[in-house]
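Trainee: Quick one: the structure is below, and I'll ask about it shortly.
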Amino acid sequence: MESASKTKLCAVIGDPVEHSLSPVMHNAAFKALNLNYTYIALRVEKKKLREAVDWLRNIGIHGLSVTMPHKVDIIKYLDQIDRLAEDIGAVNTVLNKNGQLIGYNTDGIGALRAIKEKVPNLRGKKVVMLGAGGAARAIGFTLAGEDVELTILNRTGGKAVRLADFLKKMFRGMVSGSKLDKRTLQTALSNVDILINATEVGMSPRTNETLVTRRSIKPSLTVFDVVYAPLETRLLREAAAVGATTVNGAKMLVYQGAEAFKIWTRLDAPVEVMWNAVLNEIRRRGL
Ligand code: NAD
């Protein structure tokens, strides 16, 4: 091992951050490639973000993962924003390039890679996405570039419509948005190839909740849930019970992390190592 003074430091900042799986995942990846990097979790309160970013810049932080509640607010403290992150309006990864902090968003890329493992060709596929928050925006931007027919349903209808209108203009694609209720959901699910839950519904500790049950799921459907704790959400259990294809949120977590790893190290990430580290940690915590 090289001297500790040469160690490149990466961190996840958020609040809360204690539950983050990123330190385990990234440290396993650095170790597997024998890189002199280390990754820690730092709790940063919302009102202390500016102070924290200044301090991290001063100590020469190499890379950051950014999680709730800082993904949007951090933009104003960075020196450059990558185009995709700017369009999404949120940053989940930062690279320190010669003292310049550059913001990226790898969430959508991670989700797309997770979905493509099961559905390699998305062109023309009918996709229903539940939610219009941060995760949904990131996924919407990457999905709309794949020529899918996208329907966005959200509890607050206006937010779904605004996101859909923006994506439609930008990609000239077939995108629509409406309020999420029983009727719109039933209509949307009657003719769909891929269903994405991009809300926190089903997340621990409210693991018995789901926006869609097996009665509305056909075996031909692919169901992707962004929630990764628990690994198998109630939605994914309901989908598996009727023989539908499932994609869990841990896959997205690993693939967005793999993309961040590449930004920091300029190397391809050891995805298998990261996946095993995340899986072991989820099992160890009994999630
Ligand atoms: P957010 O607060 O920005 O958005 C939350 C969304 O959920 C909103 O659209 C809201 O309307 C909807 N929602 C919440 N409760 C609802 C309910 N009862 N019924 C209907 N809709 C409801 O949050 P976010 O950053 O988009 O995160 C959403 C989920 O995605 C979280 O569980 C988060 O952990 C997960 N996530 C996973 C990954 C990953 O890598 N797997 C990455 C980012 C976020």
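The values are calculated or read from the model by the stated rules, or taken from the named source; none is laboratory data. Only a predicted model underlies this, so the values are computations on that prediction, with no experimental measurement involved. Glycine also receives a Cβ, built like all others from the backbone with ideal geometry; neighbour counts cover every protein chain displayed. What goes into the accessible areas is simple: the full protein's heavy atoms, side chains included, and nothing from ligands, DNA or RNA. Shrake-Rupley method; radii C 1.70, N 1.55, O 1.52, S 1.80 Å.
Trainee: With springs only between Cα atoms under 10 Å, which of THR184, THR245, THR93 fluctuates most in a Gaussian network model of the chain?
Mentor: Checking each option, the largest mean-square fluctuation is seen for THR184.
Trainee: How big is the charge dipole of the range 121-172 about its Cα centre, in debye rounded to the nearest 20, if each Lys and Arg gets +1 on its Cβ and each Asp and Glu gets -1 on its Cβ?
Mentor: Numbers: 10 positive and 4 negative charges, 25 e Å.
Rounded to the nearest 20 debye, it is 120 debye.
Trainee: Next question. I want the antiparallel fraction of DSSP beta bridges within the range 1-125, as a percent rounded to 5.
Mentor: Working: 8 of 21 bridges.
Of the beta bridges lying entirely in the range 1-125, close to 40 percent run antiparallel.
Trainee: FRET efficiency for ILE75 and ASN98, Cβ-Cβ distance as r, R0 = 25 Å, nearest 0.05? Don't skip to the end; give the middle numbers.
Mentor: On the way: r = 20 Å, r/R0 = 0.80.
Step by step, r from the Cβ atoms, then E = 0.80.
Trainee: Next question. Assign one of three labels to the range 138-197, namely rounded, prolate or oblate, based on the Cα gyration tensor with a ≥ b ≥ c the square roots of its eigenvalues; rounded applies when a/c is under 1.5, prolate when it is not and a/b is larger than b/c, and oblate otherwise.
Mentor: oblate
Trainee: Going through the range 143-228, which trypsin sites (Lys or Arg not before Pro) have at most 14 other Cβ atoms within 10 Å and a DSSP loop state? If you can, show how the numbers build up before the last one.
Mentor: Numbers: sites: ARG155, LYS159, ARG162, LYS168, LYS169, ARG172, LYS179, LYS182, ARG183, ARG206, ARG214, ARG215; in loops: ARG155, ARG172, ARG206.
In loop regions of the range 143-228 (DSSP not H, G, I, E or B), the sparsely surrounded trypsin sites (Lys or Arg not before Pro) are ARG172, ARG206.
Trainee: Also, quick follow-up: Just how large is the dipole of the range 1-137 about the Cα centre, in debye to the nearest 20, putting +1 at every Lys and Arg Cβ and -1 at every Asp and Glu Cβ?
Mentor: Numbers: 20 positive and 13 negative charges, 92 e Å.
I would put it at about 440 debye.
Trainee: Still on this model: Identify which of PRO230, PRO205, PRO270 has the largest mean-square fluctuation in a Gaussian network model of the chain, with springs joining Cα atoms closer than 10 Å.
Mentor: PRO205
Trainee: Still on this structure, please answer the following. Just to verify a number: FRET efficiency for LYS262 and ARG172, C-beta to C-beta distance, R0 = 41 Å, to 0.05? Mind dumping the intermediate values first?
Mentor: Numbers: r = 30 Å, r/R0 = 0.72.
Efficiency for this residue pair is about 0.90.
Trainee: In percent, what relative contact order does the range 1-123 have, based on Cα pairs under 8 Å that are 6 or more apart in sequence? Let's see the in-between values first.
Mentor: Numbers: 182 pairs, mean separation 28.2, N = 123.
Reported as a whole number, the value is 23 percent.
Trainee: Moving to a separate point now. How much of the accessible area of the range 1-42, probe 1.4 Å, is carbon plus sulfur, in whole percent? Don't skip to the end; give the middle numbers.
Mentor: Values: 1210 of 2150 Å².
Taking all protein chains in place, the range 1-42 shows 56 percent carbon and sulfur surface.
Trainee: Also: For every helix of n ≥ 4 consecutive DSSP H residues, a contribution of -39,500 (n - 2.57) applies; sum these over the chain, divide by its total residues, and give [θ] at 222 nm rounded to the nearest 500 deg cm²/dmol.
Mentor: Values: 10 runs with 112 residues, N = 287.
About -12000 deg cm²/dmol.
Trainee: For the chain, modelled as a Gaussian network with Cα springs under 10 Å, which listed residue fluctuates most, VAL254, VAL148, VAL127?
Mentor: Largest GNM mean-square fluctuation: VAL148.
Trainee: Under 5 Å between amide H atoms, partner at least 5 residues away or on a different chain: which partners does ALA11 have, H built in plane at 1.01 Å?
Mentor: ILE40, GLY63, LEU64, SER65
Trainee: Right, something else. Around PRO23, what is the net charge, scoring Lys/Arg as +1 and Asp/Glu as -1 over all other residues with Cβ under 14 Å from its Cβ?
Mentor: That sum, taken over residues with Cβ under 14 Å, equals +2.
Trainee: Can you tell me the accessible area per residue over the range 50-189, all protein chains present, probe 1.4 angstrom, in square angstrom? Present the calculation step by step, with values, prior to reporting the outcome.
Mentor: On the way: 6760 Å² over 140 residues.
Value for the range 50-189: 48 Å² per residue.
Trainee: Once you put a point 7 Å from the Cα of GLU281 and another 7 Å from the Cα of ARG206, both along the Cβ direction, what distance in nm separates them?
Mentor: 2.5 nm
Trainee: Among PRO205, TYR228, ILE217, whose Cα projects farthest towards the positive end of the dipole of the range 194-234, with charges put on the beta-carbon of Lys, Arg (+1) and Asp, Glu (-1)?
Mentor: Result: ILE217, furthest along the dipole toward the positive end.
Trainee: Further question on the same structure: Distance check, please: which entries in LYS6/LYS116; LYS76/LYS116; LYS125/LYS218; LYS8/LYS48 exceed 27 angstrom between their Cα atoms? Provide the component values of the computation, followed by the final result.
Mentor: Values: LYS6/LYS116 38 Å; LYS76/LYS116 33 Å; LYS125/LYS218 15 Å; LYS8/LYS48 24 Å.
From LYS6/LYS116; LYS76/LYS116; LYS125/LYS218; LYS8/LYS48, over 27 Å: LYS6/LYS116; LYS76/LYS116.
Trainee: Charges only on Cβ, +1 for Lys and Arg, -1 for Asp and Glu: so what's the dipole of the range 89-213 about the Cα centre, in debye to the nearest 20?
Mentor: On the way: 18 positive and 10 negative charges, 49 e Å.
My answer is approximately 240 debye.
Trainee: Let me ask something additional. Give me the percent relative contact order of the chain, please, defined on Cα pairs under 8 angstrom at least 6 residues apart.
Mentor: Numbers: 581 pairs, mean separation 47.1, N = 287.
Relative contact order here is 16 percent.
Trainee: Could I ask something else about it? In whole Hz, with x marking every Gly and Pro, tabulate ³J(HN,Hα) for the range 28-33 from phi via Karplus 6.51 cos²θ - 1.76 cosθ + 1.60, θ = phi - 60°.
Mentor: 5, 5, 4, 5, 4, 9
Trainee: Of all the accessible heavy-atom surface of the range 243-287, with the other protein chains kept in place and a 1.4 Å probe, what percent is carbon and sulfur? Walk me through the intermediate numbers first.
Mentor: Details: 870 of 2020 Å².
Here carbon and sulfur together make up 43 percent of the probe-accessible area.
Trainee: Give the peptides 102-114, 48-60 in descending order of average Cβ contacts within 10 Å, highest first. Present the calculation step by step, with values, prior to reporting the outcome.
Mentor: Values: 102-114: 24.5, 48-60: 14.4.
Averaged packing, sorted descending, gives the order 102-114, 48-60.
Trainee: Right, another one. Rounded to the nearest percent, how much of the accessible area of the range 45-173 (1.4 Å probe, protein heavy atoms only) is carbon and sulfur? Walk me through the numbers before you get to the answer.
Mentor: Numbers: 2940 of 6140 Å².
Carbon and sulfur atoms account for 48 percent of the accessible area of the range 45-173.
Trainee: Of the beta bridges DSSP finds with both residues in the chain, what % are antiparallel, to the nearest 5?
Mentor: Details: 8 of 43 bridges.
Once the DSSP bridges in the chain are tallied, antiparallel ones form about 20 percent.
Trainee: Just add up the charged neighbours of GLY257: K/R +1, D/E -1, any other residue whose Cβ is under 14 Å from the Cβ of GLY257. All intermediate terms of the calculation are to be shown ahead of the outcome.
Mentor: Details: positive: ARG113, LYS251, LYS262; negative: ASP107, GLU259, ASP268, GLU272, GLU281.
Net local charge, GLY257 excluded: -2.
Trainee: Towards the positive end of the charge dipole of the range 19-177, with charges on Cβ (+1 Lys, Arg; -1 Asp, Glu), say which of ILE115, SER20, ALA85 has the farthest Cα.
Mentor: Towards the positive end, the residue furthest out is ILE115.
Trainee: Evaluate the distance, in nm, between pseudo-label points positioned 7 Å from the Cα of SER220 and of ALA241 along their respective Cα→Cβ axes.
Mentor: 2.3 nm
Trainee: So, one more: Using θ = phi - 60° and the Karplus relation 6.51 cos²θ - 1.76 cosθ + 1.60, list the HN-Hα couplings for the range 166-178 in order, rounded to whole Hz, with x at every Gly or Pro.
Mentor: Rounded to whole hertz, the list is 5, 5, 4, 5, 5, 10, 6, x, 8, 10, 9, x, 8.
Trainee: Where does the charge balance sit around ALA114 when Lys and Arg score +1, Asp and Glu -1, over other residues with C-beta under 14 Å from its C-beta? Can you show the working numbers first?
Mentor: Values: positive: ARG113, LYS116, LYS118, LYS251; negative: ASP107, GLU117, GLU146, ASP225, GLU259.
Net charge in that neighbourhood comes out at -1.
Trainee: Averaged per residue, what accessible area in Å² does the range 231-283 show with a 1.4 Å probe, protein chains only? Don't skip to the answer; put the middle values down first.
Mentor: Working: 2110 Å² over 53 residues.
That works out to 40 Å² for each residue.
Trainee: Using a simple spin-label model with points 7 Å from Cα along the Cα→Cβ vector, what separation in nm is obtained for ASN34 and THR7?
Mentor: Going by the 7 Å Cα→Cβ label model, 1.9 nm.
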